[in-house]
1. Out of the residues in region 642-682 meeting the condition of being buried (at least 19 other Cβ atoms within 10 Å of the Cβ), under 37 Å from the mean Cα position of the chain (by Cα) and in a helix (DSSP H, G or I), tell me which one is modelled with the lowest pLDDT.
2. For region 313-333, which positions are in contact with a strand residue (DSSP E or B) (Cβ under 9 Å, 6 or more places away or on another chain) and surrounded by fewer than 24 Cβ atoms within 10 Å (Cβ to Cβ)?
3. Within region 173-222, track down each residue that is within 18 Å of residue 91 (Cα to Cα) and not in a loop (DSSP other than H, G, I, E, B).
4. Has region 434-448 got any residue that is at pLDDT 95 or above and in a loop (DSSP other than H, G, I, E, B)?
5. Which one of 25, 19 is modelled with pLDDT under 95, in a loop (DSSP other than H, G, I, E, B) and surrounded by 12 or more Cβ atoms within 10 Å (Cβ to Cβ)?
6. If residue 244 satisfies every condition in (1) assigned to a helix (DSSP H, G or I); (2) out of contact with any strand residue (DSSP E or B) (no Cβ under 8 Å at 6 or more places or on another chain); (3) more than 21 Å from residue 81 (Cβ to Cβ) but one, which is the exception?
7. Filtering region 386-413 down to residues that are touching a strand residue (DSSP E or B) at 6+ places or on another chain (Cβ under 9 Å) and part of a helix (DSSP H, G or I), which residue is surrounded by the fewest Cβ atoms within 10 Å (Cβ to Cβ)?
């Protein structure tokens with residue numbers, strides 16, 4: 001964040017002395033450098049309320065690659081990459097309530113040790129023993145979730161407005177769709193969103209969003225996605241369920257859960273997210289947002305992950321209103337690549353506000369009838385239901401009370417963290433035994449966190465000074481501006497070629513000496529000042545900002561990549577030595593790990609680590625960094641480029657370097673001269 005007080009004054013007083021050496025480096029302050037004011041990143045901000053248009057790839061092969069990238073991005077954001085925490089689900093099904101043609105049972109199962117997924121299981125009783133098709137049914141943000149019952153007055157009002165036909169159904173919209181799907185011959189599991197109905201172990205909007213949770217990838221979004229996966233597995237495991245005919249449908253927040261589950265899991269055969277797929281508002285709750293989730297993506301693309309599985313949607317007079325013109329055509333274009341444009345459709349009812357009413361449910365029933373092969377002649381016929389009371393749906397009863405050992409927030413976090421730490425520990429053996437898989441797991445995660453730009457030409461505006469020159473760089477097609485200060489730019493390269501030093505704060509004595517005494521062209525990259533946050537929501541939950549925007553560290557890594565591209569563009573055969581000292585180490589490690597250009601060698605200060613971050617506004621904050629091994633794990637990806645590591649060499653990085661026969665050396669140089677001797681032996 002900003003640095004105020006007397007610091008700018010001290011810089012002003014010392015500026016003449018610094019300029020004598022031609023070495024000036026920006027501090028990481030909130031106010032941008034004067035020349036950076038044209039950089040769109042200093043003011044541009046995407047929020048959940050922005051427009052999120054989507055254009056499909058032009059070929060199936062391009063989509064298959066993109067689909068793989070998006071799935072990984074969602075899983076990384078959810079904290080479930082490369083795998084989700086596991087435990088014995090120990091499902092308990094009890095308390096059957098009989099109704100005409102179906103029964104409803106109470107269910108609990110564990111998604112984490114002592115943390116329960118709860119819900120109602122609807123089963124046909126007049127259609128033999130099955131196996132039956134199945135429908136998983138998440139709900140949205142109604143105040144009481146699965147237990148929602150409208151007043152009689154509101155129920156009658158909904159009928160008068162054309163939402164519903166029958167009073168029992170109008171008052172109990174969640175029960176209505178579950179009952180009707182069951183009457184049509186489906187087993188239905190209607191499960192609770194975290195913090196609703198019987199799922200009372202955690203508050204729906206509290207418990208995550210702190211530094212540890214962000215660095216280790218723990219969030220309501222991730223936990224709710226894990227619950228959806230476990231609910232799906234439970235449903236598919238039932239002996240009366242046909243695992244080859246499984247659908248998911250929910251509305252609003254339940255619509256989000258529907259298309260997210262379809263995005264990360266191929267097992268659902270049919271999807272029907274209602275009033276949620278849109279290029280406009282992307283989901284207003286903490287449970288629908290997570291750091292890194294929608295950077296460069298959005299809900300229409302998440303829904304597209306179902307391709308070519310049948311995908312039906314409804315829209316209303318809300319943020320989904322324009323789906324028929326903005327979203328559905330693009331989805332049909334993608335499905336058309338598979339010759340299946342008829343497998344995606346949407347219906348919009350602007351006369352109704354946000355809803356999953358009888359009209360919308362009718363389209364869903366017909367969609368399920370067609371694509372689950374139910375063979376119902378009149379599927380769009382929803383008779384009055386025989387309502388269940390809350391007492392009849394409650395999972396925890398006198399006979400089966402909530403276990404005393406139920407996990408609270410602290411235990412949930414501990415279990416999740418233990419799984420993540422175990423995966424990080426396993427990276428050491430993975431680096432030794434399977435370097436390619438290590439790169440897929442760790443390198444893939446890093447790409448999802450940073451989104452490195454593709455190589456592109458870099459334009460430069462050059463300003464010459466008495467001892468140095470400044471190159472203002474702009475990658476083609478962007479409005480980015482970064483400052484590269486250069487010395488000896490016309491000099492012939494020595495054995496080590498050119499030097500690029502990256503600094504995050506005021507130039508240090510070590511950096512100054514390296515630049516001054518380097519035998520050849522030397523350059524220093526000044527940092528991007530800062531990036532904005534969603535002022536309306538960021539304090540409540542940082543995922544509201546980082547769900548849609550890259551953090552400052554990622555932008556700075558982009559700038560290093562741009563500088564490297566520019567130096568390679570200028571002299572393709574000249575090798576570059578890249579240096580990051582102090583807290584510039586992470587940006588250099590990340591850039592070197594993702595670089596498309598050839599590097600001669602890299603030197604970083606291993607004394608810095610992501611575990612030192614204590615504030616969310618730290619310039620080096622990178623959500624999910626520790627979940628995927630931190631600085632040492634990312635440094636391994638620099639192989640086979642020679643890596644000088646100041647301090648104790650991290651074992652994972654050393655293992656991958658050894659596996660690939662590359663050179664990584666731990667160093668403890670006393671001063672800048674010693675560092676220079678490492679990089680450019682005399």
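The values are calculated or read from the model by the stated rules, or taken from the named source; none is laboratory data. This is a predicted model, so every value here is computed, not measured. For neighbour counting, all protein chains shown are included, and Cβ atoms are generated from backbone atoms with ideal geometry for every residue, glycine included.
1. Once the filter is applied, the top-ranked residue is 652.
2. Matches in region 313-333: 317, 321, 322, 324, 328, 332.
3. Scanning region 173-222 gives 187, 188, 189, 190, 191.
4. yes
5. Just one listed residue meets the conditions, 25.
6. In the conditions (1) assigned to a helix (DSSP H, G or I); (2) out of contact with any strand residue (DSSP E or B) (no Cβ under 8 Å at 6 or more places or on another chain); (3) more than 21 Å from residue 81 (Cβ to Cβ), residue 244 misses (1) alone.
7. 392
Yes or no, residue by residue, for (1) crowded, with 21+ Cβ neighbours inside 10 Å; (2) assigned to a loop (DSSP other than H, G, I, E, B):
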{"site": "585", "(1), (2)": "yes, no"}
{"site": "588", "(1), (2)": "yes, no"}
{"site": "622", "(1), (2)": "yes, yes"}
{"site": "627", "(1), (2)": "yes, no"}
{"site": "633", "(1), (2)": "yes, no"}
{"site": "640", "(1), (2)": "no, yes"}
